[in-house]
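Enquirer: The structure follows.
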Amino acid sequence: MRYYFAPMEGLTDGVYRRMHHKFFGGVDRYYMPFISPTIHRTLTPKESRELPPADSVPFTAIPQVMSKVAEDALWAIEQCAIRGYQEVNLNLGCPSGTVVAKGKGAGMLRDTDSLKRFLDGIFAAAPLPISIKTRLGLESSEEFPAILEVYDQYPIKELTIHPRTRKQFYNGELRLEMFQYAVEHSKNPLCFNGDLTSPEDIQRIADQYPQVKAVMLGRGLVRDPGMLTAQGTTIDALAAFHDALFEEYSVVFDNARNAMTRLKESWHYLELRFEENPKIFKRLRKATDVAEFRSIATEIFQTQKLL
């Protein structure tokens, strides 16, 4: 089984990927949060920082592009090729309201004719292999067979399926019968994504779909960053990882308070890895002073037990 770390905007940036690889690892591919090109054909300073030369990254990283215009997406793909990347992932699954309202992400699934025209343009000229991350549809999983029929017309390197609709966001049951439909009908290799929060979850998918050789983890791996390693997430490794993130973010953001704010996003998931103690985590969330925040984090690592 191959293990992929899903892109999570505002969480799994370049700093996070480097530190995760250093302190935990176990990931075969790290997918980058999306680049969203415009008609101006320029990368923002943040996008440039998040897209370093591929040979400067000590692990396999896959850029992700999100656009509804093939020409804009092709420009971004070319930028990735110039920097030495070997694959680009197209985001056709982001459920964000602002993204979907612009017809991007999962909004691309609204109209299969438009989707086909977009993919025609991409696969006619893309300088790199293309993988795709998708959902089942916009409103109903019954949309998926027609969407998969479109995907089957292209040489997609790998099709990652989150078996929910956009309407579900990250709630409700996974529609595993539709993933089974993909297993039976897809002409392209598949990767499973969705609600993988433990090694047992991964094994269940491996047993249920032996033909599928890759899984993508997001929230579960932020919550339990050592999940894919033999030793698992240890308290010492987690504390060292947290401290390294703080130091790196303080440099990148040139501001320790901004580093604290970014780490609070990670704690939204990390606290679920600890035995329940709502008071100490509430103190952490409410902390506004950097020294206080770091002191409470240290107290958590020294006194709280991992589940």
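Enquirer: Once R0 is set to 41 Å, what does the formula 1/(1 + (r/R0)^6) return for the Cβ-Cβ distance between Arg117 and Arg49, expressed as a FRET efficiency to the nearest 0.05?
Expert: With a Förster radius of 41 Å, E is 0.80.
Enquirer: Can you give the convex hull volume of the alpha carbon atoms of the stretch 99-176 per residue, in Å³?
Expert: 95 Å³
Enquirer: Taking the highest mean first, how do the peptides 195-207, 94-106 order by number of other beta carbon atoms within 10 angstrom per residue?
Expert: Listed from highest to lowest mean packing, they are 94-106, 195-207.
Enquirer: For the stretch 67-160, state which GluC sites (Glu not before Pro) are in a DSSP loop and have at most 16 other beta carbons lying within 10 Å of their beta carbon.
Expert: Glu139
Enquirer: Taking loop as defined by DSSP and a crowding limit of 12 other beta carbons within 10 Å, which trypsin sites (Lys or Arg not before Pro) in the stretch 232-307 fit?
Expert: Filter output for the stretch 232-307: Lys305.
Enquirer: For the stretch 124-227, compute the number of Lys pairs whose alpha carbons are separated by less than 15 Å, excluding pairs fewer than 8 positions apart on the same chain.
Expert: Final tally of qualifying lysine pairs is 4.
Enquirer: While we're here: Can you give the accessible area of Arg110, probe radius 1.4 Å, in Å² rounded to 10?
Expert: That residue has around 150 Å² of solvent-accessible surface.
Enquirer: Oh, and also: Under a cut-off of 20 Å between alpha-carbon atoms, report the aspartates and glutamates in cross-link reach of Lys46, not counting same-chain residues fewer than 8 places apart.
Expert: Glu9, Asp13, Asp55, Asp72, Glu78, Glu247, Glu248, Asp254, Glu265
Enquirer: Around Gly226, which amide H atoms from residues at least 5 apart in sequence, or from another chain, sit under 5 Å from its own amide H, with H modelled in the peptide plane?
Expert: Answer set, sorted by chain and number: Thr233.
Enquirer: For Arg2, list long-range residues whose amide hydrogen, built 1.01 Å from N in the peptide plane, is under 5 Å from its own amide hydrogen.
Expert: The answer is Ala214, Val215.
Enquirer: Let me check something: with ligands and nucleic acids excluded, how do Lys213, Lys22 order by accessible area (1.4 Å probe), largest to smallest?
Expert: Final ranking, largest accessible area leading: Lys22, Lys213.
Enquirer: Can you give the Rg to Rh ratio of the stretch 122-163, both from alpha-carbon atoms, with Rh computed by the Kirkwood formula?
Expert: 1.01
The values are calculated or read from the model by the stated rules, or taken from the named source; none is laboratory data. Small disclaimer: the values here were computed from a predicted structure and weren't measured. Note that each Cβ is placed from the backbone with ideal geometry, even for glycine, and that neighbours are counted across all protein chains shown. Side chains included, ligands, DNA and RNA excluded: accessible areas come from the protein's heavy atoms. Shrake-Rupley method; radii C 1.70, N 1.55, O 1.52, S 1.80 Å.
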